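The values are calculated or read from the model by the stated rules, or taken from the named source; none is laboratory data. Remember, it's a predicted structure, so these values are computed and weren't measured experimentally. No Cβ is skipped: glycine too gets one built from the backbone with ideal geometry, and neighbour counts run over all protein chains shown.
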Amino acid sequence: MPKTKQTISPPKRKDPPTSSASPVAAMEETLKETPADSAAEGRKTISLRGPIAVKDLAGLLGIKPFQMVHHLMELNIFPTLTQLLDEDVAKKVSARMGFEIQTERKERHGPPPPAPKVVEEPPPAPEVTPDLQLRSPVVAFLGHVDHGKTTLLDAIRHTRVAAGEAGGITQHIGAYTIHHGGKSITFIDTPGHEAFTAMRARGASITDIVVLVVAADDGAMPQTIEAIDHARAANVPIIVAINKIDAPGANPLRVKTQLQERGLAPEEFGGETIFCEVSALKGKGIDHLLEMILLQAEVLELRALFDGPAVGRVIEAQMETGRGPTASILVQKGTLRPGDVVLCGPYWGRVRALINDLGKTVREAGPSTPVKVTGLSGLPSPGEELLVESDERRVRQIAEERLALLKRPRQEVGPKVTLENLFAAIAEGQRKTLHLVLKADTQGSIEALVGQLEKIPSKKVELSVIHSAAGPVTESDILLAKASEGIVIGFNVKTDSSAAAAAKREGVQIKLFSVIYELVDQVRDAMAGLLEPELRETVLGTALVKKVFELNKFSVAGVLVQSGRMVRKAQARVLRGKQPIYDGSIQTLKRFQDEAPEVRAGLECGMRLGNFDDYEPNDIIQCYQLERVPQSL
């Protein structure tokens with residue numbers, strides 16, 4: 001079956017059919033424009049009975065739904081994944097990929113044919129229940145400081161005014177919702193990837209899709225690469241928006257080539273990343289970008305529980321005259337309503353009002369909805385979780401305890417992210433990856449360091465350089481390391497004052513080196529330290545049970561040590577017919593009436609294992625010890 005690269009970025013569109021034409025008529029017109037070539041040599045044949053959904057046809061052809069949508073868009077057909085395609089359209093799109101469809105017709109006589117066979121979708125994940133409903137995607141814009149993120153967000157914001165969504169002054173609440181094609185998208189209006197990662201460092205993963213904004217005239221800049229690394233560390237899909245395509249010196253092809261080198265290959269290069277060319281100033285390509293966001297969201301199948309108490313995250317908070325403390329909240333599940341008692345970090349309150357980004361008071365806010373909340377007792381930090389609780393007294397008590405904890409000296413706050421406690425986490429089986437943020441004096445040093453680190457042989461521990469760049473250690477590096485539970489390593493660089501303060505505040509370790517081999521050796525030792533030592537068993541000796549002595553409260557085995565030695569307090573197991581029936585430590589070991597630390601081969605003694613009393617003559621007692629042996633990479 002032919003391999004096809006995954007993509008959901010369509011080519012340039014043909015003029016769509018007029019609104020008066022039906023979808024079927026549009027499909028028929030398209031088929032007339034592009035003659036079929038199903039009779040070509042070497043085509044594979046599949047059978048089809050009647051209309052078929054887009055995603056099911058993709059399964060039959062062995063490609064992903066993304067790719068099927070792309071091929072249909074080339075035919076000037078813009079479907080959803082569940083839309084039914086008639087036989088002619090299915091034949092045409094299949095022929096483009098080297099397949100020929102044979103339509104199986106009903107016989108004039110005899111029983112009706114069986115139901116059409118389609119490739120079944122994988123069973124839904126256990127958490128996808130009827131109570132979970134589709135929600136809107138939450139999108140963040142990242143990129144270099146001068147590449148037009150704010151202008152592009154403003155251009156998108158203006159689309160809803162054109163769509164008739166006026167009726168209020170836009171409120172800055174850190175997020176806003178727009179409607180496109182009957183669906184909604186929530187945009188996070190938080191500046192920079194530092195804020196994006198700062199929320200992750202507090203455990204707040206609120207973004208579903210990242211739009212990476214790159215200027216067509218400047219190309220990829222250091223902050224562009226940094227934003228890519230931050231998005232990847234968050235495991236969030238990336239859509240690239242090439243902005244300023246009408247600027248002098250614009251070169252979208254150069255941007256695509258640069259980003260391909262960073263692992264974001266566009267479809268025309270055989271990759272899977274969505275690229276959209278836009279002009280924020282002139283409004284070009286905005287609709288296409290929104291359509292691609294919605295298509296990506298459809299594939300992600302974002303779901304949430306709409307009923308029940310609300311759970312959300314703080315986007316930003318401020319003190320407002322006449323309102324007091326307010327917090328912009330993105331609801332993640334459940335529904336938030338005025339009157340709800342909420343706990344938010346070290347603060348609590350009863351929701352007095354919910355205000356949307358148009359300045360209107362709303363009665364409720366469901367998943368993926370941003371609202372400003374009034375009624376809190378203080379200003380929570382971005383990323384803090386907001387919970388609706390029914391017990392007001394309990395909520396007040398928890399908030400007071402959290403506030404008291406914040407006022408304690410800094411040294412009492414949680415453990416730092418260091419090599420040492422990373423070792424402890426690995427030993428407990430929590431992780432097997434060492435995350436590094438790598439900074440060096442030159443790009444050449446970076447390449448040399450990465451090359452040396454990649455040479456460290458290991459099949460048991462993964463080394464992940466989540467970000468590398470030339471220059472001093474910055475606050476952004478600290479936040480990324482904090483969010484990824486990693487450490488910062490610098491080579492021939494210094495740490496700026498804001499980064500040092502952030503490292504102290506966030507509890508992130510910075511290790512600076514001036515000799516490359518010392519750096520590599522420490523990383524190798526760190527990776528080895530992430531491996532839990534192997535337990536190796538050494539048999540110390542064996543003994544044969546000759547007689548069993550029944551005492552008042554327990555039994556004692558009279559044994560003859562056959563090999564090695566029996567050691568008091570060592571581990572031992574009882575074997576009966578070569579099968580172990582008990583494992584414990586040697587509690588009692590006596591020669592005549594005296595306790596003995598050990599008894600060697602050829603001697604008799606009395607011994608008792610733990611609380612075991614079911615000894616029988618001819619049982620074998622095997623004494624052993626366990627050693628923790630460090631593993632090698």
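Filtering segment 239-259 to residues that are of a type outside the set (A, V, I, L, M), surrounded by fewer than 21 Cβ atoms within 10 Å (Cβ to Cβ) and either assigned to a loop (DSSP other than H, G, I, E, B) or touching a strand residue (DSSP E or B) at 6+ places or on another chain (Cβ under 7 Å) (or both) leaves Asp246, Pro248, Gly249, Asn251, Pro252. Of all the numbered requirements in (1) in a loop (DSSP other than H, G, I, E, B); (2) touching a residue at least 24 places away in the same chain (Cβ under 8 Å); (3) not polar (S, T, N, Q), Gly322 misses one, and that requirement is (2). In segment 267-277, the condition of being in a loop (DSSP other than H, G, I, E, B), out of contact with any Gly (no Cβ under 7 Å at 6 or more places or on another chain), crowded, with 19+ Cβ neighbours inside 10 Å and in contact (Cβ under 8 Å) with a residue 60 or more places away in the chain is met by at least one residue.
When residues in segment 425-448 are screened for being surrounded by 14 or more Cβ atoms within 10 Å (Cβ to Cβ) and at pLDDT below 80, 8 of them pass. For segment 198-228, a residue qualifies if it is outside any loop (DSSP other than H, G, I, E, B), touching a helix residue (DSSP H, G or I) at 6+ places or on another chain (Cβ under 7 Å) and modelled with pLDDT under 90, and the qualifying residues are Ala198, Arg200, Ala201, Glu226, Ala227.
When Ser476 is tested against (1) out of contact with any strand residue (DSSP E or B) (no Cβ under 7 Å at 6 or more places or on another chain); (2) modelled with pLDDT under 85, just one condition goes unmet, and that condition is (2). Meeting the requirement of 3 or more residues that are of a type in the set (D, E, K, R) and assigned by the TED database to the domain that holds Thr177, no strands (runs of 3 or more DSSP E) wholly within segment 330-414 can be named. Residues that are of a type outside the set (Lys, Arg), under 23 Å from Ile228 (Cβ atoms) and at pLDDT below 85 do occur in segment 485-498. Only residues that are at pLDDT 50 or above, out of contact with any Pro (no Cβ under 7 Å at 6 or more places or on another chain) and not charged (D, E, K, R) were counted across segment 79-123, and they come to 13.
When residues in segment 278-306 are screened for being assigned to a loop (DSSP other than H, G, I, E, B) and either over 25 Å from the mean Cα position of the chain (by Cα) or of a type in the set (S, T, N, Q) (or both), 6 of them pass.
The single residue among Thr186, Thr177, Thr190 that is within 20 Å of Leu302 (Cβ to Cβ), crowded, with 18+ Cβ neighbours inside 10 Å, among the polar types (S, T, N, Q) and at pLDDT below 90 turns out to be Thr190.
Going by the structure shown, is Phe275 in contact with a strand residue (DSSP E or B) (Cβ under 9 Å, 6 or more places away or on another chain), assigned by the TED database to the domain that holds Val211 and either among the aromatic types (Phe, Trp, Tyr) or at pLDDT 90 or above (or both)?
Details: in contact with a strand residue (DSSP E or B) (Cβ under 9 Å, 6 or more places away or on another chain): yes; assigned by the TED database to the domain that holds Val211: yes; either among the aromatic types (Phe, Trp, Tyr) or at pLDDT 90 or above (or both): yes.
In short, yes.
Can you name every residue in segment 328-369 that is hydrophobic (A, V, I, L, M, F, W, C) and closer than 20 Å to Ile206 by Cβ?
Of the residues in segment 328-369, the ones hydrophobic (A, V, I, L, M, F, W, C) are 329-331, 336, 341-344, 348, 351, 353-355, 358, 362, 365.
Within segment 328-369, Ile329, Leu330, Val331, Leu336, Val342, Leu343, Cys344, Val351, Leu354, Ile355, Val362, Ala365 meet the criteria.
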